[in-house]
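First the structure, in the form of structure tokens, and then the observations on it.
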Amino acid sequence: MPGLPFALPRWLLPGLLSALLPGPLAWVGCAFAQAVNGTTPLAVTQVKPGVFVHIGALEDWAPTNGGDVANIGFVVGSRCVAVIDTGGTPSVGQALRAAVERTTPLPVCYVINTHAHPDHLLGNVAFADASRPAPQFVASSRFTHTLAAREPYYLNALQREFGIQLTHVAVVYPTISVDRSLDLDLGDHVLTLQAWPTAHTDNDLTVYDRRTRTLFASDLLFAQHLPALDGSLRGWVSVMAALKRLDVATVVPGHGPVSNDWPAVMDAQADYLNGLLRDTRAAIRNRLTIQQAIDSIGVPPASHWLLTDRFHRRNVTAAYAELEWEDDEPKTPAAPSTAGSSARPARPGGR
Ligand SMILES: [Zn+2]
């Protein structure tokens, strides 16, 4: 496994996947040609009244797409606007802000970050300039710790791959953190934010607009783009089961097209993650080394995921590391151990 301390070094293979750029997404129909304050607004679609979404390219975070790979958007209330993720560079954030200003004169009162991956947050700075009242920046209570650990790597990558020099002051951290859940009232739209146990990452946050029953699922849901694991495979599988119970009319995945087919839109991801869990456990049980597991665990041939070359082997690596010792995890602390479990021979390829 690469020695990088984070799991989405999307800059390692810039350009390699640009050939996978899909054709124009039919439902992204509302491109604005008119510049606002010199910035061309990002193309957004109103998926429900007051709910606007921009779909990022189904590609790696790379200069070839300007870092515009994550789904981002905003909700316009009667009082103010909430922005949900800001894109992978300051320029994407500026273009999103221009899209907000093209849509409404109301101020942005909240900028919500769904998790601390660079393609979702490096546009924050566009909403933090001193020329107007700063919004509150909102994220999971575990976001700050994770972002602080990774910030130097994100900034290095931004400079190396995109030629963009950003300093610490331009990485905007939350002013409001969410432990479990929080309601934000925009006037006529109340957003319910929920922080989840470790799943895609250790700081996933979803945003649910009660009025339209629209869920911004963050990277807890990938569509078409292969899911990328940077948290806990077991956690993600169990969070999906909880998500399924939500009353959702429209879902915005972190990557991939918007869907009204809830919860069936999660089925492909559930199949992939459950298969990864099953196959990795089997590999460990059969005493395969991590390299043998990587070489032997494939993506189901009938699946149509994009970016499998980029992410699948990484996912197996992360799954193996997570599951390698699960049978040896301490059970109930005070309980005496039962026969059998200690007789297991050491596996090859351990730490
Ligand atoms: Zn992510």
Fill in: Residue list for segment 146-204, filter: in contact with a His (Cβ under 6 Å, 6 or more places away or on another chain) and under 13 Å from Pro118 (Cα atoms)
Thr201
Item to complete: Among what's in segment 239-285 and is of a type in the set (Asp, Glu) and assigned to a helix (DSSP H, G or I), pick the residue that is surrounded by the most Cβ atoms within 10 Å (Cβ to Cβ).
Response: Asp279
Practice prompt. Answer with yes or no whether Gly235 is outside any helix (DSSP H, G or I), of a type outside the set (Asp, Glu) and modelled with pLDDT of 95 or more.
Written response: no
Worksheet item: When you go through (1) within 11 Å of the ligand (Cβ to nearest atom); (2) surrounded by fewer than 20 Cβ atoms within 10 Å (Cβ to Cβ); (3) among the small types (Gly, Ala, Ser) one by one for Gly235, which number turns out not to apply?
Response: (1)
Practice prompt. Scan Asp188, Asp179, Asp183 and give me the residue that is free of Cβ contacts under 8 Å to residues at least 12 places away in the same chain, of a type outside the set (A, V, I, L, M, F, W, C) and more than 28 Å from Gly66 (Cα to Cα).
Written response: Asp183
Worksheet item: Going by the structure shown, is Ala98 over 21 Å from the mean Cα position of the chain (by Cα) and at negative phi?
Response: yes
Worksheet item: Wholly within segment 157-223, which strands (runs of 3 or more DSSP E) include no fewer than the required count, namely at least 1 residues that are surrounded by 14 or more Cβ atoms within 10 Å (Cβ to Cβ), within 16 Å of the ligand (Cβ to nearest atom) and not small (Gly, Ala, Ser)?
Response: 205-209, 214-222
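The values are calculated or read from the model by the stated rules, or taken from the named source; none is laboratory data. Computed from a predicted model, the values in this text were never measured in an experiment. We place every Cβ from the backbone using ideal geometry, glycine too, and count neighbours over all the protein chains shown.
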